[in-house]
Each structure stands twice: as C-alpha cells, then as structure tokens.
Amino acid sequence: MLSKPKVLLLSSDEAETSLLKEILGDRVVLKSIKSLTELRSILESDNYDAMFCGWSFHQGTWHEALGQIKQRYPNLPVIVFSRAGGEKEWLEALEAGAFDLLVAPYMKRNVLPVLEHAVASYEARRLHHFAPYSRTKVS
C-alpha cells in the first residue's frame with residue numbers, strides 16, 4: 001500500500017465520520033465531505049486512491065455517488081459502509097460497482113484490511129494500464 005493513500009470519505013453522519021476518522025488515523029490523508037455537491041467539486045479538483053461512502057447522506061445515496069464517481073474515475077475503489085446490511089445489500093453494492101460493503105460495527109481489524117486491499121488493487125490497475133507491452137511472441 002502507498003505510504004499514505006489519499007482517501008475521500010462521504011458521510012453526513014457525524015458519529016460514523018468520527019469513528020472512521022479515528023480508525024484511519026494517521027494512516028491516510030483523509031478528506032471528509034457531506035454531499036453530492038461537494039463530491040462533484042472535489043472530483044474536479046483532486047485525485048484519490050480510494051473512497052468510503054455512507055449508505056445514505058444529506059440529499060443522496062451511495063448509489064448516486066457511485067454513479068458520479070464511475071463516470072469520472074471508473075477504477076477508483078469505493079467502499080460503501082452501512083449500519084446494517086446483509087448478503088442482499090452486499091451483492092447490490094458489488095453489482096453496482098462498489099469495491100466492498102462494510103457493515104457496522106466498524107473496527108480497525110475489518111476496515112484497514114479492506115482499505116489496504118482496495119488501494120493495492122487500484123495501484124496495480126494503474127501500473128498495469130501504463131506498463132509497456134512486449135510485442136514479442138512467446139512460444
């Protein structure tokens with residue numbers, strides 16, 4: 001994983017935001033936003049290595065946020081988080097293009113490995129995209 005990946009956190013729930021900030025601590029460069037309007041502005045002005053997105057927030061849902069992100073940065077890993085959920089919600093999030101769904105309680109032991117995997121995956125895709133391809137034939 002990058003030494004300090006840049007992570008965007010979209011949530012209007014102060015308790016969830018505070019808890020995730022505490023868990024992520026000094027391991028990431030974290031930018032916290034609360035709305036789709038802020039998301040549009042942020043995506044135009046900066047790049048991120050991963051994103052956490054609350055299930056719902058002021059004037060929006062994770063599904064709307066994911067749609068905006070995928071239009072602009074189709075490979076950016078988006079980790080959706082929710083206070084409650086099961087297999088149905090997890091499948092819904094994955095089928096929509098989210099990297100994963102985290103369900104409360106949020107703890108370091110379940111949040112950090114998902115973030116590390118998301119950032120490593122994103123970095124590998126970026127490296128693969130820019131890697132020179134050999135045109136030699138392998139027998």
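For this structure, a couple of remarks:
- Dividing the convex hull volume of the alpha carbon atoms of region 9-86 by its residue count gives 94 Å³ per residue.
- Helix 87-96 axis, angle to the chain major axis (alpha carbon atoms, nearest 10°): 50 degrees
- Between 109, 125, 72, the residue with the greatest mean-square fluctuation in the GNM of the chain (Cα pairs under 10 Å linked by springs) is 109.
- On Cα atoms only, tilt of 108-130 relative to the major axis of the chain in degrees: 30 degrees
- Reference-scaled alpha-carbon Rg (2.2 N^0.38 Å with N residues) for the chain: 1.10
- The residues 26, 49, when put in order of fewest to most other Cβ atoms within 10 Å, stand as 26, 49.
Values in this text are rule-based calculations from the coordinates and carry no lab data. Note that this is a predicted model, so its numbers are computed, not measured. Neighbour counts are summed over all protein chains in view; Cβ atoms, including those assigned to glycine, are modelled from backbone coordinates with ideal geometry.
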